[in-house]
Amino acid sequence: MQTRLEQNQKVKYNLGSYNRFNDKEQWIRITEGCPHNCPFCYETQQIKIFDVPKIVRTNVKIMDMNLLCKKEALNIINSLPKAIGKYNNIVAYDLICGIDYRFITQEIAYALRKKGFKKIRIAWDWFMKDQYKIKDSINMLLKVGYQPNKIMIFMICNWKIPYEECCNKLDLCKVWNTQVADCYYDDQTFPNVIPINWSDKENKDFRSKCRKHNQLVNFRIDPEIKQ
């Protein structure tokens, strides 16, 4: 069976700048491209920088696949308005895709915090051996005031990183007290995940483990067990 990635080798995630909003939120894309060319990703390697659109909502979702890989990243973050409107309403930003730990610095961590980035996600797509670099990234975020239980680790599942290795990574996130987002290969979502590199049982089991893990991180108790 061919995956969607194999069937659509020319398909890319991004199609230029983006700026849409409704009554509550705004979605923008201000860069595209990533140098890594990961085999599970559609993102182009060609780097493009777009103008930051006018921010008109206090909840802003930034859709860039890898904002931090651009040399202009710090300047872009610093250029974002912290407040809008005549009443100076505070803006909350959200990087939809996981931060690339290879590009985060203490200065960037400080800028993210200062500009009101609320939900911090770190992509841990590869192996357990990257634990030291992931922990270094978490430490940078903690140093500027982020709480560990507000940090989320992205893990790609149903891909070539074995189920057992992802379980080991999940165990380490318990120690760190960070949340986990299980992301399934080829942009699949439950309940329609088709087994590719993991079995159906492994996919369902890991998803269940992540849901329970996040309950314990968020509530510090198991809410499903009653007196």
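Here are a few things to note about the model shown:
- Flag for Cys157 being touching a residue at least 12 places away in the same chain (Cβ under 8 Å), surrounded by fewer than 18 Cβ atoms within 10 Å (Cβ to Cβ), in contact with a helix residue (DSSP H, G or I) (Cβ under 8 Å, 6 or more places away or on another chain) and more than 30 Å from Tyr110 (Cα to Cα): no
- From the list Lys226, Lys201, the one residue that fits, being part of a helix (DSSP H, G or I) and farther than 21 Å from Lys135 by Cα, is Lys201.
- The number of residues in the stretch 131-152 being under 18 Å from Tyr110 (Cβ atoms) and not hydroxyl-bearing (Ser, Thr, Tyr) comes to 13.
- Filtered residue count, the stretch 57-87, keeping only those that are basic (Lys, Arg) and closer than 17 Å to Lys115 by Cα: 3
- Cβ-Cβ under 6 Å pairs, at least 6 apart or on other chains, the stretch 170-198 side under 18 Å from Gly98 (Cβ atoms) and modelled with pLDDT under 95, far side assigned to a helix (DSSP H, G or I) and hydroxyl-bearing (Ser, Thr, Tyr): none
- The stretch 29-71 - residue that is of a type in the set (D, E, K, R), more than 22 Å from Thr105 (Cβ to Cβ) and part of a strand (DSSP E or B) and, of those, nearest to the chain's Cα centre (by Cα): Lys61
- Where a residue in the stretch 200-227 is farther than 22 Å from Lys119 by Cα and hydroxyl-bearing (Ser, Thr, Tyr) and its partner, wherever it lies, is part of a helix (DSSP H, G or I) and modelled with pLDDT under 95, with Cβ under 6 Å and at least six apart: none
- Residue in the stretch 135-146 that is of a type in the set (Ser, Thr, Tyr) and free of Cβ contacts under 8 Å to residues at least 12 places away in the same chain present: no
- For the residues Gln179, Gln188, the requirement of being farther than 28 Å from Asp136 by Cβ and surrounded by 14 or more Cβ atoms within 10 Å (Cβ to Cβ) singles out Gln188.
- Condition check for Cys97: touching a Pro at 6+ places or on another chain (Cβ under 8 Å) and closer than 21 Å to Lys48 by Cα: no
- Candidate set from the stretch 41-100 (those that are surrounded by 16 or more Cβ atoms within 10 Å (Cβ to Cβ) and basic (Lys, Arg)); member that is nearest to Trp126 (Cα to Cα): Lys70
The values are calculated or read from the model by the stated rules, or taken from the named source; none is laboratory data. As the structure is a prediction and not an experimental result, all values here were calculated from the model. Using ideal geometry, Cβ is built from the backbone for each residue, glycine included, and neighbour counts are taken over all protein chains shown.
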